[in-house]
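Contents: one structure, followed by commentary.
The values are calculated or read from the model by the stated rules, or taken from the named source; none is laboratory data. As the structure is a prediction and not an experimental result, all values here were calculated from the model. In this analysis, Cβ positions are derived from the backbone assuming ideal geometry, glycine residues included, and neighbour counts consider all displayed protein chains. Note: areas computed on protein heavy atoms with side chains; ligands, DNA, RNA excluded. Shrake-Rupley method; radii C 1.70, N 1.55, O 1.52, S 1.80 Å.
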Amino acid sequence: MTSADTQAAAGTLAERVTGRNWTLQEPYQVARPAVREFARAVGAEHPVHHDVAVAAEAGYADLVAPPTFVVKVTQAADFLLLSDPDLGIALQNVVHGEQSFTHERPVVAGDELTATTEVTSAKMMGSTCMLALRTTVLDESEDLVATGTSTLVISTAPAQEA
């Protein structure tokens, strides 16, 4: 039996992911160098992202990560779904369609974050699966830090030989 046969017997990708979730096994340690690198990469020049004294003066425990920094954590949890061997997803067949975040508080250096990705909607359109995901990011106290929502478009068509 081929991989395609196994997947066909198990149902569509939409059926196989519906109601499932994936959680990071180890917390993501937010480090000052990572905050500074990310801030530089996205052009966030405010001193709270780069200078601990300025961040403390502004009332933060440490450097403040730019709002989109949580993508590092949400995508790590999303990757657990994409690399799940039971699903047989070929990464070259995945298109990231949309991403948004809702923040409960800023991420700061020193945070230990974990994330759980949940499939909120899965629909087949021919051989393409449209997935809506919600990824919750919690801190070490299990308080909600942010929620990410995203859409993935995944082709499940068999690969064409060249």
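Would you check which residues across the range 59-78 are open to solvent by less than 60 Å² (accessible area, probe 1.4 Å) and farther than 30 Å from Thr120 by Cβ and list them? Please lay out each step first, then the result.
The first filter runs over the range 59-78 and keeps only residues open to solvent by less than 60 Å² (accessible area, probe 1.4 Å), leaving 62-66, 69-71, 73-74, 76-78.
Passing the criteria: Asp62, Leu63.
In the range 79-109, what count of residues is obtained for those that are crowded, with 16+ Cβ neighbours inside 10 Å and either under 21 Å from Val35 (Cβ atoms) or among the aromatic types (Phe, Trp, Tyr) (or both)?
6
Can you tell me how many residues within the range 125-146 are under 17 Å from Leu81 (Cα atoms) and open to solvent by 10 Å² or more (accessible area, probe 1.4 Å)?
So the first thing to find is which residues in the range 125-146 are under 17 Å from Leu81 (Cα atoms), and the list is 128-137.
Remaining after also requiring open to solvent by 10 Å² or more (accessible area, probe 1.4 Å): 128, 130, 132, 134, 136.
Residues that pass the stated criteria total 5.
Could you tell me whether the range 112-120 includes any residue that is in a loop (DSSP other than H, G, I, E, B), in contact (Cβ under 8 Å) with a residue 60 or more places away in the chain and within 27 Å of Val64 (Cα to Cα)? Spell out how you get there, then give the answer.
Going residue by residue through the range 112-120, those that are in a loop (DSSP other than H, G, I, E, B) are none.
The answer is no; no qualifying residue exists.
What are the residues in the range 131-149 that are free of Cβ contacts under 8 Å to residues at least 40 places away in the same chain and assigned to a strand (DSSP E or B), if any?
Result: Ala132, Arg134, Thr136, Leu138.
Need pairs with beta-carbon distance below 9 Å; first residue within 16 Å of Ala61 (Cβ to Cβ) and within the range 28-41, second loosely packed, with under 14 Cβ neighbours inside 10 Å and of a type outside the set (A, V, I, L, M, F, W, C); sequence gap 6+ or separate chains.
Every condition considered, the pairs that remain are Gln29/Glu112; Val30/Glu112.
Working only within the range 147-162, note down all residues that are among the aliphatic types (A, V, I, L, M), surrounded by fewer than 16 Cβ atoms within 10 Å (Cβ to Cβ) and either touching a Leu at 6+ places or on another chain (Cβ under 8 Å) or within 18 Å of His96 (Cα to Cα) (or both).
Matches in the range 147-162: Val153, Ala157.
What number goes with the only condition from (1) open to solvent by less than 60 Å² (accessible area, probe 1.4 Å); (2) under 30 Å from Val48 (Cα atoms); (3) touching a strand residue (DSSP E or B) at 6+ places or on another chain (Cβ under 7 Å) that Ala122 does not pass?
(2)
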